[in-house]
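See structure below.
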Amino acid sequence: MKLFPALLVATCTLTSQTQAFAQEWPTKPIKILVGSAPGGGTDAMARAVADRLGPLLKQPVVVENRPGASNTLAADATAKATDGHTMVMGVSTAHAIAPYLLKLPYDSNKDLVPVVFVGAVPNVLVVNNALPADSVQSLIKLAKAQPGQLNYATSGAGSTQHIAAELFKDQAGVFITHIPYRGSGPALIDLVGGSVQMSFDTLPSVIGQIKNGRIKALAVASSKRNPQLPNVPTMAEAGLKGVEMSAWYGIYMPSSTPKAVQERVHAEVTKALAMPETQTRLGAIGADLTPMTQAQFAAFHLAENKRYADLIAKKNIKQD
């Protein structure tokens, strides 16, 4: 019976030490890894958070791009980080799709922990200006007349762009060729230049080029129109049901990260996301910011994994 008070004291001491560590953390600059090249949606989300998070944590927050392997190189580096100051701006491509298409060198559900949900953006069907298609139906007609001759760009195999395009092909009954890139930035360069004819990229990656008239938006792959593109129909409005796709983003940390540090990161990122400047910045790229508790984000992560696993199996989607 004498062990109980001693155990209680030890537990309280450990809890106090952990809380004290969380208050002292961070003790050096923080890295937010991004699994794609600069210029894409994941990069935009990370930089919007980093710019406000640094002052809150009183340490520099540096965004580091590590593109490749469907955004999983950054996730792998984070999973194996031991410095206590590395996190990743996770995206559904890496954390809900890649586990069912790629052989990963880490366990997404065991080696990483969801900490803060940031937001979601719809995918949008965009085409090169020279392509003689001004609507989804005219694009389908063109693709059927030229089977396999039209190409679509993505930020990599297993991305939301890839899944959206495969859904489009299935529902429209067309064959278009997949051209994967190492991120949305280089894919967009070739789309504007005409090396590829279309893309189902996320809105933050393409909205600037849409608004300056360098590419055409035919439809958004969401259930409702996006405020940033009020004149662009949804896929369903354009006559193609069953093609809904959005990319979501959130901060993940190594599973070894102390719970008290996770809670602090959640609290400070949530503050950053609530700032009017951040909301304006992310709203301008079509982001939907939906606050979640850490527990809600963890449940959402598991639900999205099941949804994509089922979808990939049902549609027999494979890495090219």
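The values are calculated or read from the model by the stated rules, or taken from the named source; none is laboratory data. The structure displayed is predicted, hence computed values, not measured ones. Virtual Cβ from ideal backbone geometry, glycine too; neighbours counted across all protein chains shown. Protein only, heavy atoms only, side chains kept; ligands, DNA and RNA dropped before computing areas. Shrake-Rupley method; radii C 1.70, N 1.55, O 1.52, S 1.80 Å.
Okay, here's what the table says:
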| quantity | calculated |
| --- | --- |
| Centroid-to-centroid separation of the range 228-269 and the range 188-209 [C-alpha atoms, Å] | 20 |
| Acute angle (nearest 10 degrees) that the helix 3-24 long axis makes with the longest principal axis of the chain, alpha-carbon atoms | 50 |
| Cα-based Rg of the range 127-199 normalised by 2.2 N^0.38 Å, two decimals | 1.01 |
| Cα-derived Rg over Rh, computed across the chain with Rh taken as Kirkwood radius | 1.03 |
| Accessible area per residue in Å² at 1.4 Å probe, computed on the range 27-68 | 38 |
| Potential lengthening between residue 231 and residue 24 on full extension [0.36 nm per residue; Cα-Cα distance subtracted] | 69.6 nm |
| Of 110/306; 241/315; 169/211, those spanning more than 18 Å from alpha-carbon to alpha-carbon | 169/211 |
| Whole-number accessible area per residue in Å² for the range 182-320, which is evaluated in the context of all protein chains at 1.4 Å | 46 |
| Additional length obtainable on full extension of the chain from residue 310 to residue 141, 0.36 nm per residue less Cα span | 57.9 nm |
| Rounded if a/c under 1.5, otherwise prolate or oblate - the range 45-137, Cα gyration tensor axes | oblate |
| Aspartates and glutamates with Cα under 19 Å of residue 141, excluding same-chain neighbours fewer than 8 positions away | 166, 170, 237 |
| Most mobile of 292, 45, 275 in a GNM of the chain (Cα contacts under 10 Å) | 275 |
| Protection proxy ranking, peptides 134-147, 115-128, average beta carbon neighbours within 10 Å, highest first | 115-128, 134-147 |
| Carbon + sulfur, % of accessible area of the chain - ligands and nucleic acids excluded, 1.4 Å | 57 |
| Spin-label pair residue 319/residue 195, simplified geometry with 7 Å Cα→Cβ offset, distance in nm | 2.2 |
| Kirkwood-type radius of the range 163-320, with distances r between different C-alpha atoms, in Å | 18.1 |
| Shape of the range 239-278, Cα gyration tensor, a/c cut at 1.5 | oblate |
| Förster-model FRET efficiency, 25 Å R0, residue 298 and residue 102, C-beta, rounded to 0.05 | 0.65 |
| Rg/Rh ratio calculated on Cα atoms of the range 222-314 (Kirkwood radius) | 1.04 |
| Solution diffusion estimate, µm²/s, Stokes-Einstein, the range 74-203, Kirkwood Rh from C-alpha pairs, 37 °C, viscosity 0.692 mPa s | 203 |
| Euclidean distance between Cα centres, the range 270-310 to the range 109-162, Å | 21 |
| Packing-based order for 171-184, 68-81, using average beta carbon neighbours within 10 Å, highest first | 68-81, 171-184 |
| Range of Cα positions in the range 220-261 per principal axis (Å), largest first | 49, 22, 10 |
| Cross-link reach list, aspartates and glutamates versus residue 103, counting only Cα pairs under 17 Å and skipping chain neighbours closer than eight places | 76, 111, 320 |
